[in-house]
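Have a look at this one.
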Amino acid sequence: MSDPSTASIVSTPSAQPTDPVGPTVAGQGNEKPRGLLGDAWRDLRRKPLFWISATIIMIFLLMAAFPALFAPGDAVNGSLSRSLVKSNGDAWFGYNLQGQDVYARVIYGARASIVVAVLSVIGTLLVGGTMGIIAGYRGGWVDALLSRIGDVFFGVPFVLGAIVILTTFNGSGSNNSKAEIMSLVTISLIVLSWPVVMRLMRSSVLATRDADYIIAARALGAGTGRIILKHLLPNCLAPLLVYGTIMVGSFIGAEATLSFLGVGLKSPVVSWGIMISEGKDFIRVAPGLVFFPAAFLVAAVLSFVMLGESVREALDPKLR
């Protein structure tokens with residue numbers, strides 16, 4: 001027979017097994033938890049479409065900020081002796097009717113189009129987002145009033161409304177400066193686009209304002225401003241980020257459309273829409289006058305749309 005004391009001594013080590021899961025869990029506990037934006041960024045880094053669109057957008061932003069790095073030639077002055085001369089070593093895209101370098105004008109045209117689009121998006125997000133937060137958080141007659149005002153703007157056709165605004169304040173007899181013309185185009189885009197952002201923000205606020213952490217913050221005595229800035233706004237920005245990214249591409253196309261129709265930006269401003277409008281009459285003789293600015297326009301619009309789609313998939317857990 002074995003000694004009971006010996007058996008108890010032998011069984012002691014096995015009575016205290018080591019848990020191999022313990023260190024792993026402890027190590028994971030030291031990892032800092034990620035929020036919605038952190039998870040979205042982690043997912044975006046794995047998408048080739050995001051890097052392709054982001055690279056193209058970065059190139060366009062550099063073109064808009066430092067056009068001389070891409071085209072050292074003159075985009076405004078030309079010589080009639082080079083009128084409609086085809087592409088060569090000095091001018092990759094040839095010359096237009098006034099003898100201006102088409103390549104330089106395409107590069108410099110990115111500045112006006114992108115600046116107008118970005119400023120319009122920022123203004124639309126600020127105006128529409130503010131209206132949406134007020135309507136969703138306050139509710140009642142405030143919500144009803146702001147929603148009816150938004151419905152009125154929804155009933156105005158976008159292109160027609162922009163034409164009316166621009167022809168009223170920027171008629172053929174006016175002598176507005178370059179900055180004033182760009183400001184008028186920007187304001188017209190903001191006036192006609194903010195109701196969409198208001199509805200997006202309003203729906204996000206309505207889905208969030210009765211959450212437990214909002215009720216707890218209100219019970220602890222937090223003011224309206226603190227609740228909106230610290231709790232509501234960070235949790236309602238996801239749809240606005242997606243829509244704002246896509247809206248940049250849409251506004252680039254809208255600015256080109258208005259400039260093509262002759263009611264948007266006008267010479268001496270260099271814009272892709274103006275270039276397409278000037279070259280449409282010579283498309284059979286010199287198709288590059290329309291093709292090259294149109295190609296850059298399509299590339300810019302598609303890059304922002306692709307980036308917006310990538311951001312939407314990253315921010316929506318159902319699409320991951």
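The values are calculated or read from the model by the stated rules, or taken from the named source; none is laboratory data. Small disclaimer: the values here were computed from a predicted structure and weren't measured. Here the Cβ positions follow ideal geometry from the backbone for every residue, glycine too, while neighbour counts run over all protein chains shown.
Can you pull out the residues in region 265-320 that are among the β-branched types (Val, Ile, Thr) and closer than 24 Å to Val242 by Cα? Write out each step before concluding.
Filtering region 265-320 for residues among the β-branched types (Val, Ile, Thr) gives 269-270, 274, 276, 283, 285, 290, 298, 301, 305, 311.
Passing the criteria: Val298, Val301, Val305, Val311.
Is it the case that some residue within region 291-314 is among the small types (Gly, Ala, Ser) and assigned to a loop (DSSP other than H, G, I, E, B)?
No, region 291-314 contains no residue that is among the small types (Gly, Ala, Ser) and assigned to a loop (DSSP other than H, G, I, E, B).
Consider region 299-320. How many of its residues are exposed (fewer than 15 other Cβ atoms within 10 Å of the Cβ) and modelled with pLDDT of 85 or more?
Number of matching residues: 2.
Kindly check whether there is at least one residue in region 126-135 that is at pLDDT 90 or above, of a type in the set (A, V, I, L, M, F, W, C), over 30 Å from Ile227 (Cβ atoms) and under 23 Å from the mean Cα position of the chain (by Cα).
No, region 126-135 contains no residue that is at pLDDT 90 or above, of a type in the set (A, V, I, L, M, F, W, C), over 30 Å from Ile227 (Cβ atoms) and under 23 Å from the mean Cα position of the chain (by Cα).
Against the definition (among the β-branched types (Val, Ile, Thr), under 20 Å from Gly273 (Cα atoms), modelled with pLDDT under 80 and surrounded by fewer than 18 Cβ atoms within 10 Å (Cβ to Cβ)), how does Val76 come out, yes or no?
yes
For region 100-109, check the following and say yes or no: at least one residue is polar (S, T, N, Q), modelled with pLDDT under 90, in contact with a Lys or Arg (Cβ under 9 Å, 6 or more places away or on another chain) and under 27 Å from Ser271 (Cβ atoms).
Yes, because at least one residue in region 100-109 is polar (S, T, N, Q), modelled with pLDDT under 90, in contact with a Lys or Arg (Cβ under 9 Å, 6 or more places away or on another chain) and under 27 Å from Ser271 (Cβ atoms).
Next up: Condition first: loosely packed, with under 15 Cβ neighbours inside 10 Å, under 24 Å from the mean Cα position of the chain (by Cα) and at pLDDT below 85. Can you find one or more residues in region 44-66 that meet it?
Yes - at least one qualifying residue is present in region 44-66.
A follow-up question, please. On the basis of being within 16 Å of Met247 (Cα to Cα), of a type outside the set (Phe, Trp, Tyr) and modelled with pLDDT of 90 or more, does Ile187 make the cut?
Yes: the conditions hold for Ile187.
Checking Ser120 against (1) touching a residue at least 40 places away in the same chain (Cβ under 8 Å); (2) more than 23 Å from the chain's Cα centre (by Cα), only one condition comes out false. Which one?
(2)
Suppose we filter region 56-113 for residues that are assigned to a loop (DSSP other than H, G, I, E, B) and in contact with a Leu (Cβ under 8 Å, 6 or more places away or on another chain); how many remain? Please lay out each step first, then the result.
Keep residues of region 56-113 that are assigned to a loop (DSSP other than H, G, I, E, B), which gives 66, 71-79, 83-94, 96-100.
Keeping just the survivors that are in contact with a Leu (Cβ under 8 Å, 6 or more places away or on another chain) gives 83-84, 94, 96-99.
Counting residues in region 56-113 that are assigned to a loop (DSSP other than H, G, I, E, B) and in contact with a Leu (Cβ under 8 Å, 6 or more places away or on another chain) gives 7.
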